[in-house]
Number of protein chains: 2
Amino acid sequence: MAEKKLVEAITSMDEDFAQWYTDVVKKAELIEYTSVKGCMAIKPYGYAIWELIQKQLDERFKETGVENVYMPMFIPESLLQKEKDHVEGFAPEVAWVTHGGLAPLQERLCVRPTSETLFCDFYKNDIHSYRDLPKVYNQWCSVVRWEKETRPFLRSREFLWQEGHTAHATMEEAEERTIQMLNLYADFCEEVLAMPVIRGKKTDKEKFAGAEATYTIEALMHDGKALQSGTSHNFGDGFAKAFGIQFTDKDNKLKYVYQTSWGMTTRLIGAIIMVHGDNSGLVLPPRVAPVQIMIIPIQQKKEGVLEMAYALRDRLSGFRVKVDDTDKSPGWKFSEQEMRGIPIRVEIGPKDIEAGRCVICRRDTREKIEVRLEELEEKADEILEQMQKDMLERARAHRDAHTSVATNMAELEDILNNRPGFVKAMWCGDQACEDQIKEKFAATSRCMPFKQEHLSDTCVCCGKPAKKMVYWGRAY
Amino acid sequence: MAEKKLVEAITSMDEDFAQWYTDVVKKAELIEYTSVKGCMAIKPYGYAIWELIQKQLDERFKETGVENVYMPMFIPESLLQKEKDHVEGFAPEVAWVTHGGLAPLQERLCVRPTSETLFCDFYKNDIHSYRDLPKVYNQWCSVVRWEKETRPFLRSREFLWQEGHTAHATMEEAEERTIQMLNLYADFCEEVLAMPVIRGKKTDKEKFAGAEATYTIEALMHDGKALQSGTSHNFGDGFAKAFGIQFTDKDNKLKYVYQTSWGMTTRLIGAIIMVHGDNSGLVLPPRVAPVQIMIIPIQQKKEGVLEMAYALRDRLSGFRVKVDDTDKSPGWKFSEQEMRGIPIRVEIGPKDIEAGRCVICRRDTREKIEVRLEELEEKADEILEQMQKDMLERARAHRDAHTSVATNMAELEDILNNRPGFVKAMWCGDQACEDQIKEKFAATSRCMPFKQEHLSDTCVCCGKPAKKMVYWGRAY
C-alpha cells in the first residue's frame with residue numbers, strides 16, 4: 001500500500017517522458033521551483049550529487065595541472081563587445097545590471113553568461129613572457145543565460161558549472177589541451193556517471209560563439225534524444241588578437257597566445273536521471289550516490305533489530321551509508337529508497353539476525369541477494385562495483401540499440417520519426433544541408449565523431465560527395 | 001641581491017600598514033584588480049587558501065548536521081521588501097538587474113546581497129509539519145554589495161562566502177543553533193587560522209538588518225584595528241511572520257518557525273594576512289597553507305642534488321609539498337617562499353647530502369633547524385604542529401598586549417589615539433553613548449563579550465550606571 005502511494009505519484013516514462021522527468025526531479029527531492037522565474041533551488045539531495053561530481057571532476061582537473069581561480073560575476077558591456085562573434089552569440093541572452101545601489105551605472109554590466117572576456121582581460125595583464133605559459137585556470141561558479149523556456153537541470157536561467165580557460169604559446173599546445181579536456185570529460189562520464197558518450201567535433205554551424213573549433217561529448221537519453229554533456233573549445237588566437245594578449249617568446253619575438261575553454265554543468269544531473277532512471281524513480285551510479293547503502297530494519301521494534309542495523313552501519317562506514325530508522329513502514333521505506341535511486345538497500349529483520357544473514361537488494365536490477373553477515377562489507381563492495389559497471393554497459397547497449405544508419409532523406413525521416421535515437425549519416429560539409437535537415441526534421445548535427453566510418457559515398461541530404469560521417473539527432 | 005630585490009618591493013608595515021597590506025596581497029599573488037570596478041580576481045594561490053578554508057569549515061558544518069543547497073542569485077524586488085528592517089538595511093547597496101536579454105523585466109531583480117528572503121520564500125513551501133524541522137541549510141556562493149570604497153578581501157563589491165539559514169520549532173532551539181555556529185566559527189579561527197577571537201553579542205545599533213540578536217567574533221589585526229570575522233544571527237519569528245512560514249506542531253497548532261543565519265567570507269584571508277604577516281610578506285598557518293613545505297635545492301646543478309630534493313618530496317608526500325627546481329638563485333627562492341608565507345622550507349645541498357642532513361627553516365621565527373634525513377617526516381610534522389600552536393599564542397599575546405581598559409572618555413580617547421587595539425569599557429546600554437563615541441573617536445562597539453568583567457560602576461561615556469562591559473575599537 002505504502003509503496004503504491006509513492007509510486008503512483010510518478011507518471012510512467014513510456015506514457016509521458018517529460019512528465020516522468022519532472023516527477024522524478026520533484027519526488028526524489030532534487031530541485032524545487034522558486035519565485036524567481038526560470039531559476040531553481042537545488043535541494044540537499046540534488047546538491048549532494050553535484051558535490052560528488054565537483055569533487056571527482058576537480059581531482060581529475062588538478063592531476064592535469066589545472067589551478068582554480070575566481071573572476072568577477074559582472075562583465076562591463078565594452079568588454080563583452082571586444083570579440084565580435086562572441087558578443088553576437090551571447091548578447092541576446094544576458095541579464096543586464098543597470099543600477100548599483102541607488103544610482104544608475106555609467107556603463108551597464110552583464111551577469112556573466114560565460115567568462116572568456118574576463119579571463120582575456122586578466123591574461124592581458126598577467127602574461128608577459130613564455131615563462132608565464134601555459135596558464136591552465138578553472139573556476140566553479142554560476143552563470144546566467146536568459147532562456148525563454150526552462151527545465152530543471154537541463155536549461156535554466158542560472159546554472160552551476162565549471163569553466164576552464166587556458167592560454168598557450170602555440171596552436172598545437174592549445175589543440176592538445178582542448179582534446180585532453182574533452183577526453184577527460186568523456187572518461188569522467190563513463191567511469192563516474194556510467195554514461196557512455198560519443199566524442200567528436202561540432203560542425204561550424206554548431207560551434208561556440210568565437211571558437212575556431214568546438215569539441216563535444218554527446219550522450220543518448222532513455223527517450224532517444226541527445227544531450228550535449230560537455231564541450232571544449234579551441235579559440236586559436238582570435239580572442240588574443242581582440243584583447244591584445246601577447247607574450248615575448250624564447251626567440252624574443254612578441255606573439256599572441258592561443259586559448260581554449262571547456263565546461264560541464266549541473267545539466268549532468270539531468271543526464272543521470274534520463275540515462276539511468278526507471279518507473280520507480282532515480283537510479284544513481286554508486287560513485288555519485290550521496291547515500292550508497294540504505295539499511296532498512298524489518299520489524300524494527302523487535303529487540304535487537306535496530307541495534308543490529310546500527311552495528312551494520314558502523315561496519316559499512318567505508319561507504320556512504322545510512323539507517324532508515326523512521327517510524328514509516330518497511331514498504332514505504334523501500335519505495336523511498338527506490339525513488340531516490342540509492343544503489344543498495346540492506347534488509348535486516350529478526351529472522352535474518354537469527355540466521356546470521358541479511359538481504360541486499362540492488363536498485364538497478366532489483367535482484368535480491370542473501371549475504372552472510374560476516375561477508376557484508378566485501379559483498380557490498382563487490383555489488384556496488386558490479387552495479388557501476390553494469391549500468392554503463394546497459395546504457396551503452398541502449399545507446400547502440402538506438403543508433404541507426406541513414407543514407408538518404410527518406411531513411412533519415414523514417415528513423416527520426418519511428419526509432420528515436422542517434423542517426424549516423426554521411427554529410428557533404430555544406431551548412432545548407434544541415435539547415436535543411438533541421439528545418440524538415442527538427443534534428444541537428446550532434447557531432448562529427450572522432451571515430452569516422454564510411455557508410456556511403458554521398459551526402460544524406462544533397463547526394464553530393466560526402467566528406468564526413470555525422471551523428472544526427474533531436475536534442476535537449 | 002635577489003632577495004633584496006623582491007623584499008624592497010614591499011612597504012614596511014610600521015611605515016604604512018595599508019600599503020604593506022596591498023603590497024603583500026599583490027606580491028604573494030593572492031589577488032589582481034580587474035576592469036570591473038570594485039571586483040577582484042582571486043588568483044590560484046589566493047583561491048587555494050579559500051579552498052582549504054572551505055573544506056575544513058564545510059566538514060565542521062556537516063558534523064553538526066548542516067546540508068548544502070543552492071538558491072538563485074536573483075531576488076525579485078517584491079521579495080526583498082517583505083521584511084521591513086531587512087530591506088532598509090540592504091536596498092541602498094544592491095545591484096539591480098533591469099533587463100533580461102533584449103527586453104526590460106516586468107519586475108527588477110537584485111543580485112543577492114544575502115539570501116534570507118530567498119530561503120524564507122523556499123521554506124514557506126517546504127515546511128509543513130514539526131517533522132520537517134529543523135532545517136539546517138547552507139550555501140557556498142558569491143554575493144554583491146555595492147560598496148563605495150573597496151579593499152582586496154576586506155571589502156569588495158562581490159565576495160565569496162557561505163551563508164547558513166536554519167528554521168526551528170522553538171526560539172530556544174534557534175538560539176542554541178545561533179550560539180553553536182558562533183562557537184564553531186570561533187573554534188575554526190583559533191584552531192585552523194591560528195587567530196584568537198573575542199566571542200560576543202552585538203549591540204542593537206550594530207546588529208544585522210532584521211535580526212533579533214547578532215553574535216560576532218572579533219579579531220585584532222596587527223595594526224590594532226578590529227576585524228569582524230564571522231556573525232551569527234537569531235531572527236526569532238520576525239521573518240517567519242513577514243513571509244508566513246508556519247508549521248503544524250505536535251499539539252496540532254499552527255505556529256511560526258524561528259530562524260537563524262550565519263556567515264563567513266573571503267575576508268578571512270585578509271585577516272590571516274593582517275594577523276600573521278610580517279615585513280617579508282605572508283605567514284600562513286600550516287593548516288591553510290596551500291604549500292606547507294618548499295624544498296629548495298642548493299647548488300642544484302651538482303650531481304645528485306635535484307634527485308635528493310625529489311626523493312625528499314616523495315618521502316614528504318603526506319604534506320602539501322613542492323620542490324622549487326626553477327633556475328632562480330637560492331636567495332631568490334628563499335624570498336619567494338617567504339613572501340608566499342610557506343611555513344617550512346627545506347634546504348638541501350651537496351654538503352647536507354654528504355652529512356646525511358638538511359636544514360629546515362621556519363617561516364614565522366626564521367629559526368634554522370638541522371635535521372637528520374632519516375628523521376625528516378617526523379621533524380617536519382613536529383615543526384608544523386608547533387608552528388600552528390605558536391602562531392596562535394603569538395597572536396593571542398599581541399591581542400592581549402593591545403587590549404586596554406578605559407573608565408572615562410579622556411582615557412578612551414588617549415588609548416584610541418596612542419595605543420591602537422581593543423578598549424574594554426563599561427556601557428550604560430544607551431545608543432546615544434555609542435553614537436557619541438563613534439562620532440568623537442571613530443570607534444565602534446565591537447561586541448558585548450560572553451565573558452563579562454566588572455571594570456567600573458559607570459558608563460565610560462555618560463557616567464550613568466553601567467550595564468555591560470563592551471569591547472570598543474576602530475575597525476575594518
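Structural remarks
- Conditions (1) at pLDDT 95 or above; (2) more than 9 Å from every other protein chain (Cβ to nearest Cβ): number failed by B:Asn125: (2)
- Condition check for B:Ser142 on (1) under 15 Å from B:His168 (Cα atoms); (2) within 7 Å of another protein chain (Cβ to nearest Cβ): one failure, at (1).
- Hey, B:Glu385 more than 27 Å from B:Leu220 (Cα to Cα) and acidic (Asp, Glu) or not: no
- Screening the candidates A:Gly236, A:Gly210 for the property of being open to solvent by 10 Å² or more (accessible area, probe 1.4 Å), on the phi > 0 side of the Ramachandran plot and touching a helix residue (DSSP H, G or I) at 6+ places or on another chain (Cβ under 9 Å) yields one hit, A:Gly210.
- Of everything in region B:137-164 that is more than 15 Å from the chain's Cα centre (by Cα) and not in a strand (DSSP E or B), the residue that is nearest to B:Gln180 (Cα to Cα) is B:Arg145.
- Selection of region A:53-102 for residues being among the hydrophobic types (A, V, I, L, M, F, W, C) and either open to solvent by 60 Å² or more (accessible area, probe 1.4 Å) or facing chain B (nearest Cβ under 9 Å) (or both) yields A:Val69, A:Met71, A:Met73, A:Phe74, A:Ile75, A:Leu79, A:Ala91, A:Val94, A:Ala95, A:Trp96, A:Val97, A:Leu102.
- For region A:316-344, a residue qualifies if it is open to solvent by 10 Å² or more (accessible area, probe 1.4 Å), in contact with a strand residue (DSSP E or B) (Cβ under 9 Å, 6 or more places away or on another chain) and of a type in the set (Lys, Arg), and the qualifying residues are A:Arg320, A:Lys322, A:Arg340.
- Selection from region A:354-372 of residues that are outside any strand (DSSP E or B) and crowded, with 19+ Cβ neighbours inside 10 Å: A:Arg363, A:Asp364
- Among residues of region A:21-45 that are within 17 Å of A:Val291 (Cβ to Cβ), those with a beta-carbon under 9 Å from a residue that is assigned to a helix (DSSP H, G or I) and at pLDDT below 95 at least six positions away or on a different chain give the pairs A:Lys27/A:Leu6.
- Figure legend. Inter-residue proximity from region B:371-386: first residues more than 16 Å from B:Val321 (Cβ to Cβ), second residues open to solvent by less than 70 Å² (accessible area, probe 1.4 Å) and not aromatic (Phe, Trp, Tyr), beta-carbon distance below 7 Å, spacing 6+ or different chains. Indicated pairs: B:Arg372/B:Gly356; B:Arg372/B:Arg357.
- Evaluation of B:Gly100 against the conditions (1) more than 29 Å from the chain's Cα centre (by Cα); (2) at pLDDT 95 or above shows that the sole unmet condition is (2).
- Scanning region A:31-38 for residues that are touching a Gly at 6+ places or on another chain (Cβ under 7 Å), within 11 Å of chain B (Cβ to nearest Cβ) and crowded, with 22+ Cβ neighbours inside 10 Å turns up at least one hit.
- Members of region A:301-315 found to be open to solvent by 40 Å² or more (accessible area, probe 1.4 Å) and not in a helix (DSSP H, G or I), listed by number: A:Lys301, A:Lys302, A:Glu303
- Residue within region A:395-410 that is open to solvent by less than 10 Å² (accessible area, probe 1.4 Å) and closer than 30 Å to A:Pro297 by Cβ present: no
- Take the conditions (1) out of contact with any Pro (no Cβ under 7 Å at 6 or more places or on another chain); (2) within 13 Å of another protein chain (Cβ to nearest Cβ); (3) not polar (S, T, N, Q); A:Glu158 misses just one of them, which is (1).
- Here the condition is being modelled with pLDDT under 95 and more than 30 Å from B:Phe239 (Cα to Cα); of B:Asp327, B:Asp314, B:Asp278, it holds for B:Asp327 alone.
- Selected residue [closer than 25 Å to A:Lys124 by Cα, more than 12 Å from chain A (Cβ to nearest Cβ) and open to solvent by less than 70 Å² (accessible area, probe 1.4 Å)] from B:Ala9, B:Ala18, B:Ala41, B:Ala48: B:Ala9
- Selected residue (only one of A:Asp278, A:Asp237, A:Asp223 is closer than 24 Å to A:Lys368 by Cβ, under 29 Å from the mean Cα position of the chain (by Cα) and of a type in the set (Asp, Glu)): A:Asp278
The values are calculated or read from the model by the stated rules, or taken from the named source; none is laboratory data. All of these numbers come straight from a predicted model, not from anything done at the bench. All Cβ positions, even for glycine, are placed from backbone atoms using ideal geometry, and neighbour counts span all protein chains on display. Protein only, heavy atoms only, side chains kept; ligands, DNA and RNA dropped before computing areas. Shrake-Rupley method; radii C 1.70, N 1.55, O 1.52, S 1.80 Å.
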